[in-house]
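Here's the structure we're looking at; comments come further down.
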Amino acid sequence: MNIKIINQKRMFTKLMLASFCLALTSLVSPIIATVQASTFNLLTEELPPYAMKKGGKPTGATVEIVSKLFERAGIEYNVRIVPWKRAYLTAEEETNTCIFPVQRSQEREVKFHWVSPIVITQTGFYTRDDFDKNLRTLNDVKALKIGSYKGSAAAEYLHGQGYKTALITRDAPNIQKLQAGRIDVWAADTLTAVNMMKERNVNNVNESLVYFTTLRALACNLKTPIETINKLSKELKKMYSDGSVKGIMDQYK
Amino acid sequence: MMDQRIVYFRMFLPTLFCTAIVFFSSFSPTAYAAMKDAERWLQSEFKDSTLSKDEQMKEMAWFIEAAKPYKGMTIRVVSERIDTHWYEANTLTKAFEDITGIKVVHEITGEDDVVKKISTQMDLEYNIYDAYINDSDLIGTHYRSGKVVAISDFIKNEGKDVTLPTLDLDDFIGLSFTTGPDGKLYQLPDQQFANLYWYRHDWFSRSDLKAKFKKIYGYELNVPQNWSAYEDIAEFFTVHVKELDGKKVYGHMDYGKKDPSLGWRFSDAWLSMAGAGDKGIPNGLPVDEWGIRVDGCVPVGASVTRGGALNGPASVYSIRKFVEWLDKYAPPNSTAMNFSQAGALPGQGNIAQQIFWYTAFTAALTDPDLAVTNSDGTPKWRMAPSPRGPYWEKGMKLGYQDAGSWTFLTSTPIDRRKAAWLYAQFLVSKTVSLQKMLVGLTPIRNSDINSKKMTEVAHKYGGLIEFYRSSARVAWTPTGTNVPDYPSLADLWWKNIALAANHKLSPQKAMDKMAGEMDSRLQNVADKGQERCAPKLNKEREAEYWLAQPGAPKAKLSNEKPQGRTLSYEDSLKAWD
């Protein structure tokens, strides 16, 4: 009997303990979830000098701008460099995830909340020293062989206007293609192009025409509270007016 | 005739030669070279002008002189993607640079991107472009922002030395669209196009179809004057005619995909075509075609309960008809199409009419390879003033006119703004504007519309010139000054109309939801603050109170389908006299 009672008591104590643990877990888990939820995953792709790894850590112009923005807004964040497609899909599907720098378009508009512009970029045409045509308008390259790389804003824009381009998977080999005369014109982001040419000591390629300006944004998952988006947008505006964005960009020019 | 011209030419040759010698000898060597360039451009590109050659040369001489301080500068402007702007970006930039020495990069992109860029520059006060060609739909935003240069002030003050003496502002047809409630001019139209009724004139002229229509509906198959007739004709082709020359035909074309482009026709003119707003040109006052009521220049609400008309009976009727026609009379899958996908269909030759068609596509629809064009390149179709809904009354605006207009921001440094202003004026100058109209068919000047040249070519353009010469034109206007912040409010249209188009909400519920959201957004605009005339919402009261007042919001009509009425093409234009 006593043993039974003792066992019952033990059983009762065990049950109570289990219930207490369960209750505690259910109380604590939202706190854990909140802590986790308040940390934003900020995804970007490797695209020097906008984003690259240095000593295993993400750095670059847009990485610095976005990091400073979240720090100033007092929001926890992690920056990760991953392939673009994966970054895009993750930001579409997972809460507290954003992707940068993204060009806003009508098709993309409905898929994200936007903080814009993280950076204002330009695309231009690059030609060899001995190129004898004066490129004055977009139309002047229509009959030429234009090189760019798959998924680039430069290629996307030109395709949208009905231009044919020779696309490769990476941008850097376009410099060699241009030097070897396999393409007449290289269409590239102006900052990336200068960076690539500097790294490779290229001095026989020139900027011929800067033909398009793009606003690039931070695109956040639709479940991101609108208050967070407004807070970030407000802070970004301050970063433009106090010269912080310009200061960061100047380091990479 | 040709011989006579040669004789005249020979007679005047010595005079021309002497004039040229005197003209060029008064310039420095650099200016002389620029004048030679101007001469070359006049001969090769700007042959059609309402100015004489001598007047054109004088205009160019002024540009050369005024541009001197800015020579060697590169300026950057942006505009939307239509033929007129491509012509400017690819050809007119070169002419301007050759003549003035100012290089212009004229970027082309979607209008949504133009709006984002100008909003960003206004918001950040950070110079991205030196000038924008931005739809005048933003006039309410620009006027209230305090960040847009009032052109009428600029040309009297800091821009006086760079303002073309022959600009002739009175000759522009769209200045009322770009003038703020304070009477100041904030934008200068660069190109204009309208939304009109489009129909297959060849089918409407067929005696067999005319007889069949009359037998069923009791009146003539012709240009519909009201929505009842449009609906009857839509039903006639889709349900009764069904096939023509072995091809399935439809009496209506539209689109309903949840996409920003779905919003355009609604924010442009759908509600005004039904007659939802008040009387007033260019826009209804106190309630406009967005259903927004103003008190003076202050927006006070869009919901009927605040005195607006966005969810009033006329608006709900217009959305109900949009959904009904799309379901019953448009080709299958139209509901899943966006603007670009739907735009291609009329050219394929199986659409009989379209109530809302942008004239910017005139050139594209006169391609001789299309099924809707005759072998001599003349169109089988015509455009005419659009039919009116049952709530529409004389004195109201009817359709939409897009007026892409030069817009200058206070955040652009003054020297860059002045150089950009020179480029803007070059593009609308009388030397250039007629040729630009011939290329893009987007008129801005009365003198061009009424020119002899346009009379010669009018038959090629399916009624475009006739429309612009008619009195109907004044009832086609852009979004006006009641809309205090276009970029912050515009997305509500497509997001809510899509709910009705895809049967997720009834038209009444979709418009109730939208009106509530519009009021909230107006409050947000007020909270954010505007330089002048910021919204201040009316307190809510019973809808019945407002519906009983004269004007918009209008009470529900007992009969929303009066007798259908049609007129011949010619009479449809005269009906506006």
How far apart, in nanometres, would the label points at A:Thr59 and A:Arg86 be if each is projected 7 angstrom from Cα along the Cα-to-Cβ direction? 2.3
Over the Cα atoms of the range B:478-562, Rg to Rh with Kirkwood Rh, two decimal places? 1.01
Evaluate the charge dipole of chain A about its Cα centre and quote only its size in Debye, nearest 20, assuming +1 on the Cβ of each Lys and Arg and -1 on the Cβ of each Asp and Glu. 900
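Helix by helix, which DSSP H runs in chain A go 30 Å or more along their axis at the Cα atoms and have an average Kyte-Doolittle hydropathy of -1.0 or more? Each step should come with its number before you reach the end.
Values: long enough: A:2-37 (51 Å, 0.91).
Counting only whole DSSP H runs, the qualifying helices are A:2-37.
If you stretched the chain out fully between B:Asn127 and B:Ser340, how much longer would it get, using 0.36 nm times the residue separation minus the C-alpha to C-alpha distance?
Values: separation 213, 0.36 × 213 = 76.68 nm, distance 3.19 nm.
Roughly 73.5 nm would be gained on extension.
Of the beta bridges DSSP finds with both residues in chain B, what % are antiparallel, to the nearest 5? Can you show the working numbers first?
On the way: 29 of 41 bridges.
For chain B, the DSSP antiparallel bridge percentage is about 70.
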Under a point spin-label approximation (7 Å from Cα along Cα-to-Cβ), what is the A:Val110-B:Asn374 distance to one decimal in nm? 4.3
Charge dipole of chain B built from unit charges on the beta carbon (Lys, Arg +1; Asp, Glu -1), centred at mean Cα; most positive-end Cα among B:Ser207, B:Tyr186, B:Ser49 is B:Ser207
Unit-weight point scatterers at every alpha-carbon of the protein assembly as shown, Debye formula, q = 0.04, 0.06, 0.07 1/Å: log10 I(q)/I(0) is -0.21, -0.46, -0.61
Built amide H within the under 5 Å cut-off of A:Ile168, gap 5+: A:Ser148, A:Tyr149, A:Lys150
Taking chain A and counting helices only, DSSP H stretches of n ≥ 4 at -39,500 (n - 2.57) each over all residues, the nearest-500 ellipticity at 222 nm comes to -14000 deg cm²/dmol
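May I ask for the percentage of alpha-carbon pairs in the range B:69-130 that lie more than 20 Å from each other?
On the way: 626 of 1891 pairs.
Result for the distance tail: 33 percent.
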Considering only DSSP beta bridges where both residues belong to the range A:113-253, give the percentage that are antiparallel (nearest 5). 75
Return the percentage of antiparallel bridges among DSSP beta bridges fully within the protein assembly as shown, rounded to the nearest 5 %. 70
Among B:Leu175, B:Ser318, B:Tyr132, pick out the residue whose Cα is farthest towards the positive end of the charge dipole of the protein assembly as shown, where Lys and Arg carry +1 and Asp and Glu carry -1 on C-beta, about the Cα centre. B:Ser318
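Whole-Å semi-axes of the range B:55-209's equivalent ellipsoid, largest first, each the root of 5 times a Cα gyration tensor eigenvalue?
Values: eigenvalues 193, 95, 66 Å².
Here the semi-axes work out to 31, 22, 18 Å.
In chain B, which longest range has no chymotrypsin sites (Phe, Trp or Tyr not before Pro) that are both DSSP loop (not H, G, I, E or B) and surrounded by at most 15 other Cβ atoms within 10 Å? Write out the running numbers ahead of the final one.
On the way: sites that count: B:Tyr219, B:Trp576.
Counting only loop sites that pass the neighbour cut-off, the longest clear stretch is B:220-575.
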Amide H contacts under 5 Å for B:Arg388, placed H, 5+ residues apart: B:Asn226, B:Trp227
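When the dipole is taken about the Cα centre of the protein assembly as shown, and only Lys, Arg (+1) and Asp, Glu (-1) are charged at their Cβ, what size is it in debye, to the nearest 20? Please list the in-between numbers first.
Working: 104 positive and 95 negative charges, 454 e Å.
With Lys and Arg at +1 and Asp and Glu at -1, about 2180 debye.
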For the cross-link pairs A:Lys57/A:Lys177; A:Lys133/B:Lys53; A:Lys133/B:Lys116; B:Lys214/B:Lys248; B:Lys116/B:Lys528, which exceed 25 Å when the distance is taken from alpha carbon to alpha carbon? A:Lys57/A:Lys177; A:Lys133/B:Lys53; A:Lys133/B:Lys116
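How large a share of the accessible area of the range B:407-548, in percent, is made up of carbon and sulfur atoms when the probe is 1.4 Å and the other protein chains stay in place? Write out the running numbers ahead of the final one.
On the way: 2600 of 5300 Å².
The computed percentage sits at 49.
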Can you bin every Cα-Cα distance in chain B into 20 Å intervals starting at zero and give me the percent of pairs per bin, rounded to whole numbers? 20, 51, 25, 4, 0
Could you tell me the calculated FRET efficiency between A:Asp130 and A:Lys177, based on Cβ-Cβ distance and R0 = 22 angstrom, to the nearest 0.05? 0.90
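Roughly how many debye, to the nearest 20, is the charge dipole of the range A:36-168 about its Cα centre, given +1 on each Lys and Arg Cβ, -1 on each Asp and Glu Cβ, and no other charges?
Numbers: 18 positive and 15 negative charges, 50 e Å.
Taking the Cα centre of the range A:36-168 as origin, the dipole is about 240 debye.
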Whole-number accessible area per residue in Å² for chain B, which is evaluated in the context of all protein chains at 1.4 Å: 37
Binning every alpha carbon pair distance of chain A at 10 Å from zero, what are the percents per bin? 7, 25, 26, 18, 9, 5, 4, 3, 2, 1, 0
Counting lysine pairs in the range B:301-439 that sit 8 or more positions apart or on different chains, with Cα atoms under 23 Å apart, gives 4
Leading residue at positive end of dipole, the protein assembly as shown (Cβ point charges), from B:Ala360, B:Trp546, B:Thr305: B:Thr305
Residues of the range B:185-204 with backbone N under 13 Å of the label point set 7 Å from the Cα of B:Lys247 along Cα→Cβ are B:200-203
Over what distance in Å are the Cα centres of the range B:429-481 and the range B:235-289 separated? 23
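Computed over the Cα atoms of the range B:206-298, what is the convex hull's projected area averaged over all directions, in nm²?
Value for the range B:206-298: 8.6 nm².
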What's the buried accessible area, both sides, between B and A using a 1.4 Å probe, rounded to 100 Å²? 2300
Which of the three applies to the range B:303-424, rounded, prolate or oblate, going by the alpha-carbon gyration tensor with a ≥ b ≥ c and a/c under 1.5 meaning rounded? oblate
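The values are calculated or read from the model by the stated rules, or taken from the named source; none is laboratory data. From a predicted model like this one, the values you see are computed outputs, not experimental measurements. Cβ: placed from backbone, ideal geometry, glycine included. Neighbour counts: every protein chain shown. Remember, those area values only see protein heavy atoms, side chains included, never the ligands or the DNA or RNA. Shrake-Rupley method; radii C 1.70, N 1.55, O 1.52, S 1.80 Å.
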